[in-house]
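The values are calculated or read from the model by the stated rules, or taken from the named source; none is laboratory data. Note that the structure is a prediction, hence the values are computed from the model and not measured. Ideal geometry is used to build each Cβ from the backbone, glycine not excepted, and the neighbour counts take in all protein chains shown. Just the protein is used for accessible areas: all its heavy atoms, side chains included, with ligands, DNA and RNA removed. Shrake-Rupley method; radii C 1.70, N 1.55, O 1.52, S 1.80 Å.
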Amino acid sequence: MTTEITIRRPDDWHLHLRDGAMLEGVIGDTSRHFARAIIMPNLVPPVVTTADASAYRDRILAALPKGDRFEPLMTLYLTEHTNPDDVEAGFKSDLIRAVKLYPAGATTNSHGGVRDMDKAMPVLERMAKIGLTLCVHGEVTTPEVDIFDREAVFIETVLDPLRQRLPELRVTMEHVTTKNGIDYIKASKANLAGSITTHHLIINRNAILVGGIKPHYYCLPVAKREEHRLALRAAATSGDKRFFLGTDSAPHVDPLKECACGCAGIYTSINTMSCLAHVFEQDNALDRLEAFASLNGPEWYGLPANEETIRLVKRADPVAFPAKIETGAGPVTVFDPMFPLHWDVA
Ligand SMILES: NC(=O)N[C@@H](CC(=O)O)C(=O)O
Ligand SMILES: [Zn+2]
Ligand SMILES: [Zn+2]
């Protein structure tokens, strides 16, 4: 039985760090294990210009625990008024690594997102020309469409038409939650990849709804049926280069989750590597954890894999993670995978 593995230092290709006291409270949980992360731009107000992204990057670096080395990879929040020249300048200076599409109203802080895709075409055309990646929150917001179907309908009615119109555009389908998404990515010939979260490999929708409503398992896209979780597991553990880790660790303070209209988001930065080692071991795929967490993402984004390594060790006793972390903004509940975690980052 394997009790120890060494892998290249991982990166997180989808992360929410927030700002101010929350940023200070959570950044260390990422920088402890991860070398780089794609930083989501859904602040209030959102990160919409290269100047916004540059200032936000400085705030992230200033909040880093002393001695930690961590590179924030910045993104811009796509609006109907985004200036293609600003986007191109940010990309050419290596500051901007992706542009993020939030369909208006789809998720946390997305009200300033895109309503009419036609209005975003000038920026998307420029991105296709220069090779800049579009990251998408892939859900429609049409009220008639059931929340569990919103990803599948997005693929059919928004993503596929967009990719047919602009085949050269590089698209990351973020936090894929359905077999439909996995199959769509697998069927693509080029310019499409998908990130998968830690929690969607572990929970299905029962976690949210059985035995009482569990707000700390609520995120968007919402967890789906078991058959979808199994499709995500198979894709993540397959080694297929088109799939990589994006934790979507999304901290909200407990009072904003435990209330009549709770926020979407699950906080996993602190125990993600332990959870993943457990999942990959269960699926006899420990030898493919490095591809998922440390190799496939950089390759897709055209960056070198990290030179440093981390060592994961399976302990006899479960590793103790806190049930919540205390931040200057308030307490944030940590993802509970509902099984003991024996894998530890040494
Ligand atoms: N995943 C979530 O449930 N929430 C994210 C937004 C997002 O990634 O959709 C957040 O910013 O809180
Ligand atoms: Zn999202
Ligand atoms: Zn997210």
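Computed values, structure above
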{"item": "Matching residues in region 212-229 - criterion: being open to solvent by less than 50 Å² (accessible area, probe 1.4 Å) and either more than 16 Å from ligand 3 (Cβ to nearest atom) or not in a loop (DSSP other than H, G, I, E, B) (or both)", "result": "GLY212, PRO215, HIS216, TYR217, LYS224, HIS228, ARG229"}
{"item": "Answer residue from region 119-133, given it is among the charged types (D, E, K, R) and without any contact (Cβ under 8 Å) to a residue 40 or more places away in the chain and is most open to solvent (accessible area, probe 1.4 Å) among those", "result": "LYS129"}
{"item": "Whichever residue in region 24-43 is in a helix (DSSP H, G or I) and more than 15 Å from ligand 3 (Cβ to nearest atom) and, among such residues, is surrounded by the fewest Cβ atoms within 10 Å (Cβ to Cβ)", "result": "GLY28"}
{"item": "Candidates THR237, THR172 - the one that is within 16 Å of ligand 3 (Cβ to nearest atom) and of a type in the set (Ser, Thr, Tyr)", "result": "THR172"}
{"item": "Residue list for region 177-207, restricted to those being out of contact with any helix residue (DSSP H, G or I) (no Cβ under 6 Å at 6 or more places or on another chain), not in a helix (DSSP H, G or I) and not basic (Lys, Arg)", "result": "SER188, ALA190, ASN191, SER195, THR197, ILE202"}
{"item": "Residue ranges of strands (runs of 3 or more DSSP E) in region 256-346 with at least 3 members touching a strand residue (DSSP E or B) at 6+ places or on another chain (Cβ under 6 Å) and open to solvent by 50 Å² or more (accessible area, probe 1.4 Å)", "result": "309-314"}
{"item": "Residue within region 201-215 that is under 18 Å from the mean Cα position of the chain (by Cα), of a type outside the set (Val, Ile, Thr) and under 22 Å from ALA285 (Cβ atoms) present", "result": "yes"}
{"item": "Residue in region 263-284 that is without any contact (Cβ under 8 Å) to a residue 60 or more places away in the chain, more than 28 Å from ALA231 (Cβ to Cβ) and over 15 Å from the mean Cα position of the chain (by Cα) present", "result": "no"}
{"item": "Residue among VAL140, VAL145 that alone is within 22 Å of TYR184 (Cβ to Cβ), within 14 Å of ligand 1 (Cβ to nearest atom) and either open to solvent by 50 Å² or more (accessible area, probe 1.4 Å) or assigned to a loop (DSSP other than H, G, I, E, B) (or both)", "result": "VAL140"}
